[in-house]
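What follows draws every value from the coordinates through simple rules; no lab data is involved. Every value quoted in this text rests on a predicted model; they were computed, and no experiment measured them.
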């Protein structure tokens with residue numbers, strides 16, 4: 001059972017639902033009459049479990065459909081530390097194949113005071129890698145399509161994407177670009193990834209516009225994104241108007257819409273479900289935040 005070593009095992013399912021219902025940790029804790037720290041620990045465990053669950057079921061022999069890739073923008077700690085969640089989504093299936101997370105430098109319109117603060121901040125903490133998006137998108141392609149194959153990839157006109165594709169030398173990629181100003185309708189070739197971005201903001205309190213529930217460390221947001229990924233792929237209908245199939249059913253990975261207890265009943269072990277190196281870093285909580293460099297990692301003695 002996933003509730004191993006938990007003092008309050010009855011909180012696991014309400015926490016799972018709360019994370020996907022746009023509730024922040026304190027709201028979930030208030031409803032369940034427990035500490036926000038307790039909810040945080042449950043949420044982190046759910047995120048790690050969902051990483052392993054997705055790794056068990058996702059396609060391992062390559063991608064059989066055209067896909068869309070885009071960056072979902074958020075931030076950690078403050079808006080001076082923006083992040084991009086690079087996501088790869090099937091155009092027809094809507095299946096979220098995976099994601100990587102890139103630390104970005106704040107850009108856009110800023111006041112003089114904000115420019116000064118950014119300069120001081122970077123002198124104190126350093127700057128993110130300017131090639132971070134390029135490298136992380138290339139790594140995402142290598143994770144979800146590890147073997148040589150042909151791939152039709154749709155993106156917007158971000159200049160880092162062609163360089164990322166060039167890094168994935170084992171893939172024969174047909175790259176098609178779409179203007180980010182194009183109408184975000186189902187006729188848009190990257191509609192599936194736009195829809196994924198909308199659902200991410202709709203379900204997660206930590207990614208709402210002007211929210212006070214923003215993540216303090218992107219490691220915590222990574223685990224919550226893993227929960228969203230499993231829910232979107234295996235537990236939510238691809239279309240809310242026509243309850244026919246889930247993204248996973250469209251790819252033949254499951255034969256029915258999974259219920260929460262089906263996802264959470266069986267305990268999964270990282271020693272038995274081997275994660276790609278980058279996702280393994282996410283699992284063990286090794287992503288460092290500049291403002292909180294000594295954040296807690298996942299290093300339990302009695303259970304993984």
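Here are the numbers:
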quantity: q = 0.14 Å⁻¹: log10 I(q)/I(0) that the Debye formula gives for the range 178-274, counting C-alpha atoms only; calculated: -0.71
quantity: Whole-number D in µm²/s for the range 94-153 (Stokes-Einstein; Kirkwood sum over Cα pairs; 37 °C, 0.692 mPa s); calculated: 229
quantity: Extent along principal axes [Cα atoms of the range 116-257; Å; largest to smallest]; calculated: 54, 40, 30
quantity: Calculated P(r) tail over 17 Å for the range 56-98, as whole % of Cα pairs; calculated: 44
quantity: For the range 170-210: Kirkwood Rh in Å [reciprocal of mean 1/r, alpha carbons]; calculated: 12.2
quantity: nm² value of the averaged projected area, convex hull over the Cα atoms of the range 3-158; calculated: 12.7
quantity: Cα centroid of the range 188-212 to Cα centroid of the range 121-146, whole Å; calculated: 21
quantity: Overall Cα dimensions of the chain - principal axes, largest extent first, Å; calculated: 53, 50, 38
quantity: P(r), alpha carbons of the range 1-56 - 10 Å bins starting at zero, rounded %; calculated: 25, 57, 18, 1
quantity: C-alpha center-to-center spacing [the range 1-58, the range 255-287] in angstrom; calculated: 14
quantity: Bins of 10 Å, starting at 0 and running to the largest distance - Cα pair percent for the range 259-299; calculated: 25, 37, 29, 9
